[in-house]
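Notes follow the structure.
The values are calculated or read from the model by the stated rules, or taken from the named source; none is laboratory data. Just so we're clear, the structure is a prediction, and the values are computed from it rather than from any experiment. All Cβ positions, even for glycine, are placed from backbone atoms using ideal geometry, and neighbour counts span all protein chains on display. Accessible surface is based on the protein model in full, side chains and every heavy atom, while ligands, DNA and RNA are left aside. Shrake-Rupley method; radii C 1.70, N 1.55, O 1.52, S 1.80 Å.
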Amino acid sequence: MGIIYDHMMDKAAIFIDGAYLNRVLKYQFNKASIDYYKLSEEICSSLNLDRLRTYYYHCMPIIRKGNKNDEIRHSKKQKFVSKLQKLPRFEVKAGKLQYIGKQFRQKRVDVLMSLDIVNMCFDRQITHAILVAGDSDFIPAIKKAKAYGAIVHLYYHPSSVHQAILNAVDERHEIDEDLIEKCKKL
């Protein structure tokens, strides 16, 4: 009698840096409006992977006292987040936005995303970690995920990616016109 092996289906989680993807959509694809569920399904389908969940990381806009534009921005973002949370197997994680030196800066987003990547790979919940990002801050998490045996994919746009993150991942996938067209809202 032969040995029967229980092969785990290749499971993936997608980790989206919301600010990064927004920038790419705005500046490289003429403010394209995409369906995030379609994006997740398209990515996993093209890689022949089963999607466990998609995680979306971003910050809610700050509302400065008496600033109507801030209120409108916050309301729009709240509606967007609410729609994302209703998508199948989606989770939204919020960092904090701070106003520093006349600029808004995201805080905690990279840390939250990095911890999730590392924990899910450590627990063997996933065999593939798919990042939609361009920031070299994720390199320690990428290295740890790889050490735990996960394959790490990066979806990026060449106009907005740090060379070091390209060198750190196992596989690179360009966010191109074809992908965006397949994922546009109808």
**OP:** Pick out the one residue from Asp116, Asp110, Asp123 that is open to solvent by 30 Å² or more (accessible area, probe 1.4 Å) and touching a residue at least 12 places away in the same chain (Cβ under 8 Å).
**Re:** Asp110
Subject >> First in region 38-56 and at negative phi and crowded, with 17+ Cβ neighbours inside 10 Å, second anywhere and among the charged types (D, E, K, R) and modelled with pLDDT under 95, Cβ under 7 Å, 6 or more apart >> reply: Leu49/Asp10
Subject >> Positions within region 67-79 being open to solvent by 70 Å² or more (accessible area, probe 1.4 Å) and not aliphatic (A, V, I, L, M), in sequence order >> reply: Lys68, Asn69, Glu71, Arg73, Lys76, Gln78, Lys79
**OP:** Within region 15-37, track down each residue that is surrounded by 15 or more Cβ atoms within 10 Å (Cβ to Cβ) and charged (D, E, K, R).
**Re:** Asp17, Arg23, Asp35
**OP:** Check Phe15, Phe104, Phe80 and return the single one that is in a strand (DSSP E or B) and under 30 Å from Glu171 (Cβ atoms).
**Re:** Phe15
Original post:
Between residues in region 68-92 that are free of Cβ contacts under 8 Å to residues at least 60 places away in the same chain and residues that are assigned to a strand (DSSP E or B) and open to solvent by 50 Å² or more (accessible area, probe 1.4 Å), which pairs lie under 8 Å by C-beta distance while being six or more apart or on different chains?
Top reply: Val81/Ala94; Gln85/Glu91; Arg89/Arg53; Phe90/Arg53; Glu91/Arg53
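Looking at Tyr155, Tyr99, can you tell me which residue is outside any helix (DSSP H, G or I), of a type in the set (Phe, Trp, Tyr), open to solvent by less than 40 Å² (accessible area, probe 1.4 Å) and touching a residue at least 12 places away in the same chain (Cβ under 8 Å)?
Tyr155
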